[in-house]
Every structure is written in structure tokens, then in C-alpha cells.
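Read the figures in this text as sums done on the coordinates, not as results from a lab. Model, not experiment: these values are computed from the prediction. Note: ideal-geometry Cβ built from the backbone for every residue, glycine included; neighbour counts use all protein chains shown.
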Protein chains: 2
Amino acid sequence: MSLTAVTTLLEKYGVDPKQIGRLDIGTETILDKSKSIKMFLMPIFEASGNTDVEGVDSTNPCYEGTAALFNCVNWVESSSWDGRYGLVVCTDNFLCRVYPERLVRLPGGAAAIAMLIGPDALVVFESKLRGSRMSLVYDFYKPNLTSEYVVLYGKLSETSYSMALDSCYKHFCHKFEKLEGKQFSISDAAYFVFHSPYCKFVQKSFARLVFNDHLRNANELSKEKLAPFSSLSGDESYSSHDLQKVSVQVTKPLYDEKVQRSTLIPKQIGNTYTASLYAASASLIDNKHSTLGGKRIILFSYGRGLASTMFSLQLRDGPYPFSLSNTAAVMDVEKKLKSTHEFPPEKYVEIRKLMEHMYGAKEFATTKDCSLLSPGSYYLTEVDSMPRRFYARKTKDGN
Amino acid sequence: MSLTAVTTLLEKYGVDPKQIGRLDIGTETILDKSKSIKMFLMPIFEASGNTDVEGVDSTNPCYEGTAALFNCVNWVESSSWDGRYGLVVCTDNFLCRVYPERLVRLPGGAAAIAMLIGPDALVVFESKLRGSRMSLVYDFYKPNLTSEYVVLYGKLSETSYSMALDSCYKHFCHKFEKLEGKQFSISDAAYFVFHSPYCKFVQKSFARLVFNDHLRNANELSKEKLAPFSSLSGDESYSSHDLQKVSVQVTKPLYDEKVQRSTLIPKQIGNTYTASLYAASASLIDNKHSTLGGKRIILFSYGRGLASTMFSLQLRDGPYPFSLSNTAAVMDVEKKLKSTHEFPPEKYVEIRKLMEHMYGAKEFATTKDCSLLSPGSYYLTEVDSMPRRFYARKTKDGN
């Protein structure tokens with residue numbers, strides 16, 4: 001997936017692999033307990049004689065894509081920058097997030113999203129507007145090294161999420177107020193994009209921000225309907241179903257205006273883990289590219305365990321090829337979503353069984369049947385006895 | 001080890017945990033297939049109410065500590081910097097690099113090295129002087145997820161190392177020449193510090209740089225003795241034992257002057273993987289602190305598989321507590337080396353067997369016998385059924 005995303009990005013923007021000076025990968029997917037995913041991508045650059053490419057993998061569930069992005073942007077802003085582009089890849093596959101059947105079957109997905117970092121960008125970081133929350137929480141982890149299965153404590157995980165969201169928003173608002181000399185409220189941003197494991201999650205997150213605004217007297221929205229919950233303690237507010245219901249209800253029109261469009265891809269392809277926030281961002285650019293210039297977007301990146309940051313971007317309609325409209329054209333979300341294939345759940349269970357069986361396997365060749373893949377996609381052909389991994393690419397005319 | 005290194009650094013330099021705005025970990029040691037090592041360190045900061053700490057783990061064998069260091073320095077130079085300190089921890093334990101007995105028993109070590117990043121630093125990066133080599137090579141990897149053992153192809157690994165060293169040095173020299181308008185030679189740096197898995201390796205590396213200088217006509221050193229090897233092809237020169245022998249021999253006095261002091265800690269405690277380069281740097285500061293001000297040091301960071309960078313530092317005798325002499329006093333290398341304990345090889349084999357048996361285990365309590373640990377060290381007390389990991393700290397008066 002990463003080979004496909006990187007190669008496609010370079011081709012579609014006409015960027016020579018030699019122009020890449022840094023490559024940052026965000027992933028928790030382990031192909032090897034030592035070798036980073038980045039090394040599997042180096043052949044793309046080596047083919048052009050470019051091996052002087054900084055950066056390695058960042059790891060931390062679901063959040064590492066954001067960490068990789070920050071690292072790459074910081075590089076461009078640092079004295080180490082050598083004038084070339086940076087590349088960020090956020091990728092995870094559902095191999096890494098399979099839940100035991102008896103426990104839960106969440107809408108697991110897989111994706112790789114590549115982003116080009118450099119001057120004349122359409123995304124400008126408001127880098128002083130950033131609030132993070134990092135804590136050791138045992139709500140989600142994978143201590144069993146021999147299995148893909150995760151240990152998940154759902155209730156603890158939900159509370160930790162709300163607590164982290166509150167905490168990041170508090171830091172964020174505090175920094176905004178220091179910088180801008182006025183109180184921040186959700187009306188100060190055109191759009192909000194959240195880590196999107198599933199859509200109800202996103203709706204609840206946005207409602208929680210509005211409730212935060214209510215507690216801070218930052219806006220007048222649904223003052224009466226939220227008033228009965230003002231006196232709840234933090235813990236009470238995390239577990240109050242009434243608050244959740246009412247706040248989701250009263251924020252529905254605002255959600256439709258500021259959030260809903262970002263849920264398109266996550267809704268269609270499921271939880272893509274570290275790529276999820278960027279799949280949501282791509283959904284927004286896809287739909288709103290003609291009106292995004294000059295707009296502020298607030299993103300919330302979250303990974304259980306837990307790592308989270310709320311940060312702010314301004315969109316700027318850069319020169320071709322880095323204009324908003326060309327970016328939407330290059331991404332071609334509609335075509336990609338139309339080219340997905342539907343299978344019955346039994347097929348999913350069957351494939352998962354195969355994956356369980358093959359996890360960590362070597363000395364095998366794949367069927368090389370790439371009929372379901374889009375033209376230009378890379379696919380695994382063989383894992384030999386050493387074991388080394390070999391890939392081929394489906395040609396652009398489909399062979 | 002990381003808990004000990006971070007806590008000790010903060011205490012010895014009198015830095016409040018609240019003053020830390022970023023924490024970067026470089027490690028390939030997997031405690032959990034999802035949770036990053038950084039999260040296990042967050043309790044140090046949470047205890048002071050500081051959870052707004054950016055950064056996650058970087059991974060790529062032996063090289064990730066350097067990647068983490070670069071990421072943290074870039075952060076301080078970027079617009080995202082919030083004025084607080086960054087912290088970098090390079091850590092690996094020998095659990096992660098055990099070789100099957102029949103194959104090879106290299107001097108495996110374990111270490112955690114913490115570095116404080118911020119203004120008034122005693123180390124200044126010459127960030128334009130940097131050459132990297134990144135390539136996909138299957139010489140060293142850990143594809144077996146159920147075992148700690150590594151797959152190692154020794155011959156390929158040796159050639160890849162020499163090739164990467166040549167390549168980085170070439171990039172480095174090229175950048176130096178562009179910047180300074182004159183040819184670089186080893187005489188332009190006071191000291192060279194290498195990734196130090198074992199000492200012979202370091203000697204050969206330095207000799208290889210001198211041979212590169214010879215080929216580039218960059219210095220007159222041992223021109224006659226090296227001349228017979230001038231016509232070797234790259235591959236021939238990598239496998240020529242004569243060249244290796246002669247070049248190590250003729251560079252011995254220069255090695256003693258510019259390199260030897262950095263091998264003190266690696267020699268005593270073995271290969272510490274991603275911490276190795278920084279253990280070597282600490283050896284140099286320990287011994288040469290009184291004369292290092294204003295000196296240029298060239299470092300070569302290397303990880304099999306492969307990732308490598310040659311970079312340049314200038315040392316500056318900053319104000320207390322960040323002076324060279326205080327740093328040497330804080331590190332107190334001599335005392336640390338004196339406090340190590342010697343055991344017969346049988347004990348090593350016995351402990352390794354226990355570690356193999358316990359790898360990934362849960363529901364156990366340790367003996368809590370910390371008699372061999374230095375005061376102030378953290379140690380594992382329990383892994384419960386969830387499983388969560390619990391640590392305690394040996395008090396400074398030794399209880």
C-alpha cells in the first residue's frame with residue numbers, strides 16, 4: 001500500500017524521486033521486528049540514485065502518522081532542511097488490528113496516505129496552536145507478541161478518549177487566547193476533523209467540544225438544553241448518556257456544517273487507524289476544495305494508550321500543481337470509492353483466517369492474482385526462505 | 001533503564017519535568033506491539049501535571065536514536081517549538097538482539113542514554129554538514145515475531161557497512177566543499193565517533209575514511225603504503241584483507257589521537273545498539289571535556305538494513321549547568337564503569353535462558369532483589385494479568 005501511495009503521488013505531481021530529501025513513516029504495522037517500513041520504500045528512490053533520504057518510522061498506535069507529519073514539517077523549518085521535499089506516509093493494515101471474534105468486530109480497514117511536504121504548500125500549519133495530551137493508559141495494547149490480537153478495555157478506553165479530548169481542547173484554547181487575545185470557540189474554525197474509527201465516535205467528539213464551550217461560556221449555543229449538565233463532575237459527564245444524547249442532538253446542524261463532510265471516506269472504508277485522520281481530511285478537501293482557501297481547520301489526532309494532539313491548519317490555494325482543485329483531482333476520491341468491491345461477511349472471516357494462518361509465514365508465493373487491484377498498485381508476489389519480501393506492480397493498463 | 005536515565009538527568013541538571021515539551025525515544029526494543037516506550041515514561045511527567053509533551057518512538061535498528069535526536073533538534077528549530085526543553089532517549093536491551101548460540105555470540109549490551117535539547121547547549125549541530133545513506137538490504141532483520149532471534153548475513157552485512165560509510169562520507173565531503181569552498185579531509189575534525197558494536201569495527205571504519213581521503217587525494221597520509229590499493233574496485237576494496245590490515249596499521253597513530261578515547265564505554269559494556277554512538281560520544285566528553293570547546297566532532301550513525309548518517313557537531317563550553325566540565329561530572333563515567341559487576345559466561349547463558357522463557361510472559365512478580373542496581377534505578381516489580389507493567393525505584397540511599 002505504501003509503495004503504491006508514494007509512487008502514485010510522485011507520478012501525479014510530477015515529482016522526481018531525487019527531489020525527496022526526507023521520508024517519514026507513521027505506522028504500528030510490524031512487517032519485521034527490526035526493519036522499518038521505510039526501508040521497504042527505499043527501492044523507489046534508489047532506482048533514481050537517491051539514497052540520501054533522512055527519516056525513519058514513528059510508532060504509537062493511531063497517532064504516529066501525526067507524529068511523522070510533525071517531524072517532517074519541523075525538518076523543512078529547521079536548519080537541516082536541504083531544500084528538497086519531505087514525504088510522509090501514514091499506513092496501517094487490518095492485520096494489525098484484528099479483534100478476537102468473541103470480543104468485538106469493529107469496521108477494520110486498511111490504508112496508506114502519502115503527503116508531500118515543502119514550500120508553496122496548500123496546507124499551512126498554525127504551529128503555535130497546538131495542545132497535546134500524553135498519558136500511560138492500559139486501555140488498548142498488544143502485549144502478545146505471537147498474535148495479532150489486541151487487548152482492549154472498552155469502558156476505560158471511552159473515558160480516556162473524552163478526557164484526552166477535553167485536555168487537548170483546553171490546552172489549544174489556552175494557546176489561542178494567549179496568541180490572539182480573545183476566547184476561542186468552535187465558531188473560530190470552519191471545519192473540524194477527528195480521528196475517525198467510526199462515525200458515531202466523531203459525532204460524539206464534536207458534541208463534546210461544544211459542551212466544553214458551554215462550560216467555558218464561550219458560546220451561546222443551546223445554552224438552555226446543556227444547562228442541566230453544567231454541574232456534572234468530569235467523571236460524571238464522561239459517563240452521562242443523557243448528556244451525550246442531548247449534546248449530539250443539539251449540535252446536529254453545526255455538525256452537518258463543520259464536520260460531516262470529513263466522514264465520507266472513513267464511512268466507506270472503515271477504521272484505517274493512523275491514516276484515519278488523514279482519510280477524513282482528504283474527504284473534506286475532496287468536497288470543499290472550491291471554498292477552502294483561507295479557512296481554518298482544526299484536527300484532532302488520537303491514539304489509545306494514549307497520545308493525542310489538537311492542532312490547527314490554514315488552507316491556501318497554492319499555485320498549480322499544489323492548488324486545492326488539482327489536489328482534489330489528483331486524489332479522485334469518488335473514483336477510488338466507486339472502485340471498491342463488496343463481499344459478504346463470510347468472505348471477510350475466511351480471509352482473516354488465512355491471514356491468521358499466514359501471519360509471519362515465509363517460503364511462499366502468492367497467487368499473483370491482481371484482478372481486484374487498481375492499475376498501478378503494488379502487490380506481494382513472494383516471501384522467500386531468507387525471508388525477503390518481493391513485490392510487483394500492476395501496470396497502468398491493468399496487467 | 002529509560003525511567004532511570006530520564007529521572008536522573010532531570011534531577012542532576014535541576015530541570016523540572018514541567019519544562020519538558022517534547023520527548024523522543026529511539027528504540028527497536030518491543031515491550032508491546034502497539035504501545036510506544038514513550039508512554040511508559042509519561043508517569044514521570046504526569047506526576048508534575050505535565051501531559052502536554054509531544055513526540056513518540058522512532059524505530060529502525062541502531063539508527064533510531066539518531067533519528068530521534070534529529071527530530072528533537074528540528075523541533076527546537078521549528079515554529080512549533082514552545083520554548084521548553086526536548087528530551088531524547090536512546091535505548092535498547094540485549095533481549096532484542098540475542099543471537100542463536102550456534103551462530104555467534106557478540107558482546108551484547110544494554111543501555112539507555114538521555115539527552116537534553118534546548119538553548120545554551122554544549123553541542124551545536126552543523127546541520128548543513130550531513131550525508132545519509134538509506135537502502136533496503138536484507139543483512140539483518142527479525143522476521144520471526146515469536147522469537148527474539150535475529151536473521152543475520154554477516155558477509156553481506158560487512159560489505160553493506162563499508163558501502164554505506166563510503167557513501168555517507170562522500171555526501172558529507174561534497175556538502176562541506178560546497179559550504180566551505182575547500183576539500184574536506186579527516187584533519188578538519190578533531191574527533192571521530194562511530195557506531196561501536198565492537199572496537200575492531202571502529203578501527204576499520206576510521207581506516208576506511210583515511211583510505212577514502214587517499215583516493216580523493218585529500219591528504220598525504222601514508223600515500224606510499226596505500227598506493228598499491230588505489231586501483232581496486234569498490235567491491236574489491238571491501239573484501240581486501242590486505243587493504244584492511246595495512247590501512248588499520250598506518251592509521252594507528254591518528255586513530256589513537258582522534259578516535260580511541262570514544263571507545264571506552266563501548267569496550268566496557270559491549271554493543272548497546274541504538275545507544276552505542278552516544279555511549280561513544282559520552283566516552284569522549286568524559287575524557288576530553290577540558291579541551292573540547294570549539295572543536296568539531298564527526299559522528300557516524302549506522303543501522304543495518306540499512307540506515308546511516310554522517311554528521312558534524314561543534315562543542316561549545318556553555319554556562320553552568322551545561323558546561324562541558326559539569327556534564328562530565330554529571331555523567332561520572334568512571335564511577336558508573338567501576339560499579340559494574342562481573343559474572344562468568346555460564347551466568348550469562350543462564351540469564352538468557354530465563355529471558356527466553358519469560359519473553360512476553362505475564363502474571364508474574366519479580367524477586368524485587370535490587371541489590372546489584374545503583375541507587376536511584378528503576379526496576380520491574382510485576383507484570384499483572386491484564387497485563388500491565390509495574391516499576392519501583394531503588395531509593396538514593398540504596399533501599
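Springs between Cα atoms under 10 Å define the GNM used for chain A, and in it the highest mean-square fluctuation of A:Ser231, A:Ser58, A:Ser157 occurs at A:Ser231.
The other copies place their A:Met355 label points at 3.2 nm from this one, listed shortest first, where each point is 7 Å from Cα along Cα→Cβ. Against chain A, whose longest principal axis comes from its Cα atoms, helix A:2-13 is set at around 80 degrees. Remark: label point of B:Glu224 defined 7 Å out from Cα along the Cα-Cβ vector; separations to the same position in other copies 10.2 nm, ascending. Each label was represented as a point 7 Å from its Cα along the Cα-to-Cβ direction; for A:Phe390 and B:Phe343 these points are 4.5 nm apart. As a rough footprinting exposure proxy, the listed residues A:Thr367, A:Thr291, A:Thr381 were ranked by other beta carbons within 10 Å of their own, and the order from fewest upward is A:Thr367, A:Thr291, A:Thr381. Projected label points at A:Phe364 and B:Ser79, each 7 Å from Cα along the beta carbon direction, are separated by 4.9 nanometres.
In percent, rounded to a whole number, the relative contact order of segment A:335-399 is 26, using alpha-carbon pairs under 8 Å and six or more apart. If the segment from B:Ser48 to B:Tyr198 were pulled out straight at 0.36 nm per residue, it would be longer than the present Cα-Cα gap by 50.0 nm. Angle between the Cα long axis of helix B:276-288 and the longest principal axis of chain B, 0 to 90 degrees, nearest 10? Result, in degrees: 80.
FRET efficiency for the pair B:Asp188 and A:Tyr153, taken as 1/(1 + (r/R0)^6) with r the Cβ-Cβ distance and R0 = 60 Å, rounds to 0.60.
Close amide H pairs (under 5 Å, H built 1.01 Å from N) link A:Phe194 with A:Phe300, residues at least 5 positions away or on another chain.
Using C-alpha pairs below 8 Å separated by at least 6 residues, the relative contact order for chain B is 18 percent. Could you tell me the distance between the Cα centroids of segment B:164-189 and segment B:365-399, to the nearest Å? Answer, in whole Å: 47.
State the volume of the convex hull built on the alpha-carbon positions of the protein assembly as shown, expressed per residue in Å³ and rounded to an integer. Given the Cα convex hull of the protein assembly as shown, per-residue volume reads 172 Å³.
Mean per-residue shielding of peptide A:149-161 is 1, counting Cβ atoms of other chains within 10 Å of each Cβ. With a 10 Å cut-off around each Cβ of B:62-68, the average count of Cβ atoms from other chains is 3.
Spin-label model, B:Ile351/B:Asp235: points 7 Å from Cα along the beta carbon direction are separated by 4.3 nm. For segment B:353-370, backbone nitrogen atoms closer than 19 Å to the point 7 Å from A:Thr146 Cα along Cα-to-C-beta are found at B:353-364. For the options B:Ile269, B:Ile30, B:Ile351, a Gaussian network treatment of chain B with springs between C-alpha atoms closer than 10 Å singles out B:Ile351 as fluctuating the most. What the Cβ-Cβ distance of B:Asp332 and B:Asp397 gives, at R0 = 22 Å and to the nearest 0.05, is a FRET efficiency of 0.80. Summary of the geometry: segment B:34-69 and segment B:315-349, compared by the centres of their Cα atoms, lie 23 Å apart. As a rough footprinting exposure proxy, the listed residues B:Asp256, B:Asp397, A:Asp24 were ranked by other beta carbons within 10 Å of their own, and the order from fewest upward is B:Asp397, B:Asp256, A:Asp24.
Once Rg and the Kirkwood radius are both taken over the C-alpha atoms of chain B, their ratio Rg/Rh works out to 0.96.
Fewest neighbouring Cβ atoms within 10 Å first, the residues B:Lys182, A:Lys258 line up as B:Lys182, A:Lys258. Distances from A:Gln249 to itself in the other copies, using label points 7 Å out along the Cα-Cβ axis, amount to 9.0 nm in increasing order.
In this structure the amide hydrogen of A:Lys142, modeled in the peptide plane, comes within under 5 Å of the amide hydrogens of A:Val151, B:Lys33, B:Ser34, B:Lys35, none closer than 5 places in sequence on its chain.
Assuming a ≥ b ≥ c are the square roots of the Cα gyration tensor eigenvalues, decide whether segment A:258-389 counts as rounded (a/c under 1.5), prolate (otherwise, with a/b larger than b/c) or oblate. Verdict is prolate for segment A:258-389. Both radii are taken from the alpha-carbon atoms of segment B:174-264; with Rh as the Kirkwood radius, Rg/Rh is 0.96.
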